[in-house]
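Since the structure comes first, as structure tokens, the remarks are kept for the end.
The values are calculated or read from the model by the stated rules, or taken from the named source; none is laboratory data. Please read these numbers as outputs of a predicted model, since none were measured by experiment. FYI the Cβ positions are ideal-geometry reconstructions off the backbone, even for glycines, and counts take in every protein chain you see.
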Amino acid sequence: MHSLEERQHGVRPGFERRMTKEEINSYPIRKWKGPVHLICSSRELTGAVKKLSREPVLGFDTETRPAFRKGQKYFPSLLQLAGENSVYLFHLKHLGLQEPLISILADPNIIKAGVSLGHDLRELKEMAPFEQAGFVGLGKMSKEKGIKNHGLRGLAAVVLELRISKSAQTSNWARDELTQSQIRYAATDAWVGRELYLKLLQI
């Protein structure tokens, strides 16, 4: 945790200096515990998009099967959108990037908050071209607030005082059926993105 000297002088790790890996690891792990909807069919997609279109702020993330050999490249397997009360996971391996989902990604009236947006959006556009709108990069937003950590895990510790597990990060996201730990991991990342955006607005 933070040293006695830092506490006495009101130094806030993450603001006056980067929060260290050890300090991040001192926070308790938290996961999204609410409803998670895994969307695998066009019929499910229509209903999910109808509900998400009513949300003013969504947490956004994608998961892609890791490439371990030079020249290997995979499309995103999963797209996650977190609303206020539920997280929706779109299994792109089964769905592709269909028009109803693109309508959310192109809607300027719905905030989509996440980190490393440029990379994620480039990969999605390789699946189907679209004009993104309403995206907010949490790294840029946190820099403007004077925060030194800009990744999702560091921001979660600095801003929300929690730790997110990265244990499933390099798992096989291209599986036909995702494991419960993959589902919970993916939902948590999107949920944290939404929570960070709302909290950063208050700083």
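Across region 116-129, what is the number of residues that are touching a strand residue (DSSP E or B) at 6+ places or on another chain (Cβ under 7 Å) and either in a loop (DSSP other than H, G, I, E, B) or in contact (Cβ under 8 Å) with a residue 60 or more places away in the chain (or both)?
3
Which numbered condition in (1) more than 25 Å from Phe68 (Cα to Cα); (2) buried (at least 18 other Cβ atoms within 10 Å of the Cβ); (3) touching a Gly at 6+ places or on another chain (Cβ under 8 Å); (4) in contact (Cβ under 8 Å) with a residue 60 or more places away in the chain is the only one that Leu200 fails?
(3)
Please tell me if His150 is under 19 Å from the mean Cα position of the chain (by Cα) and within 30 Å of Arg12 (Cα to Cα).
Details: under 19 Å from the mean Cα position of the chain (by Cα): yes; within 30 Å of Arg12 (Cα to Cα): yes.
Answer is yes for this residue.
With Leu160, Leu155 as the choices, which residue is under 29 Å from Pro13 (Cβ atoms), out of contact with any strand residue (DSSP E or B) (no Cβ under 9 Å at 6 or more places or on another chain), modelled with pLDDT of 95 or more and surrounded by 21 or more Cβ atoms within 10 Å (Cβ to Cβ)?
Working: Leu160 fails: surrounded by 21 or more Cβ atoms within 10 Å (Cβ to Cβ).
Being under 29 Å from Pro13 (Cβ atoms), out of contact with any strand residue (DSSP E or B) (no Cβ under 9 Å at 6 or more places or on another chain), modelled with pLDDT of 95 or more and surrounded by 21 or more Cβ atoms within 10 Å (Cβ to Cβ) holds for just one of Leu160, Leu155, which is Leu155.
I'm trying to understand the selection: among the residues of region 101-120, which are surrounded by 18 or more Cβ atoms within 10 Å (Cβ to Cβ) and of a type outside the set (Asp, Glu)?
First, pick out the residues of region 101-120 that are surrounded by 18 or more Cβ atoms within 10 Å (Cβ to Cβ): 101-102, 104-105, 110-115, 117, 120.
If the condition is that a residue be surrounded by 18 or more Cβ atoms within 10 Å (Cβ to Cβ) and of a type outside the set (Asp, Glu), then Leu101, Ile102, Ile104, Leu105, Ile110, Ile111, Lys112, Ala113, Gly114, Val115, Leu117 are the ones that fit.
Which helices (runs of 4 or more DSSP H) does region 1-111 wholly contain that include 3 or more residues that are farther than 20 Å from Glu161 by Cα and without any contact (Cβ under 8 Å) to a residue 24 or more places away in the chain?
Details: elements: 4-8, 21-25, 42-52, 92-95, 99-105.
Passing ranges, in order: 42-52.
Do we have any residue at all in region 127-134 that's hydrophobic (A, V, I, L, M, F, W, C) and surrounded by 19 or more Cβ atoms within 10 Å (Cβ to Cβ)? Walk me through it before giving the result.
Keep residues of region 127-134 that are hydrophobic (A, V, I, L, M, F, W, C), which gives 127-128, 130, 133.
In the following step, the residues that additionally are surrounded by 19 or more Cβ atoms within 10 Å (Cβ to Cβ) were identified as none.
No, region 127-134 contains no residue that is hydrophobic (A, V, I, L, M, F, W, C) and surrounded by 19 or more Cβ atoms within 10 Å (Cβ to Cβ).
In region 137-155, how many are in contact (Cβ under 8 Å) with a residue 60 or more places away in the chain, of a type in the set (Gly, Ala, Ser) and in a loop (DSSP other than H, G, I, E, B)?
Adding up the residues that qualify gives 1.
Could you tell me which of the residues Gly47, Gly83, Gly34 is at pLDDT 95 or above, buried (at least 16 other Cβ atoms within 10 Å of the Cβ) and at negative phi? Break it down into steps so the answer makes sense when it comes.
Working: Gly47 fails: buried (at least 16 other Cβ atoms within 10 Å of the Cβ); Gly34 fails: buried (at least 16 other Cβ atoms within 10 Å of the Cβ).
That would be Gly83, the only listed residue that is at pLDDT 95 or above, buried (at least 16 other Cβ atoms within 10 Å of the Cβ) and at negative phi.
Rundown of residues vs (1) over 22 Å from Ser142 (Cβ atoms); (2) in contact with a strand residue (DSSP E or B) (Cβ under 7 Å, 6 or more places away or on another chain), yes/no style:
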{"site": "Gly14", "(1), (2)": "no, no"}
{"site": "Arg17", "(1), (2)": "no, no"}
{"site": "Pro100", "(1), (2)": "yes, no"}
{"site": "Ala113", "(1), (2)": "no, yes"}
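Looking only at region 165-189, how many residues end up being out of contact with any Leu (no Cβ under 6 Å at 6 or more places or on another chain), buried (at least 22 other Cβ atoms within 10 Å of the Cβ) and not in a helix (DSSP H, G or I)?
Number of matching residues: 1.
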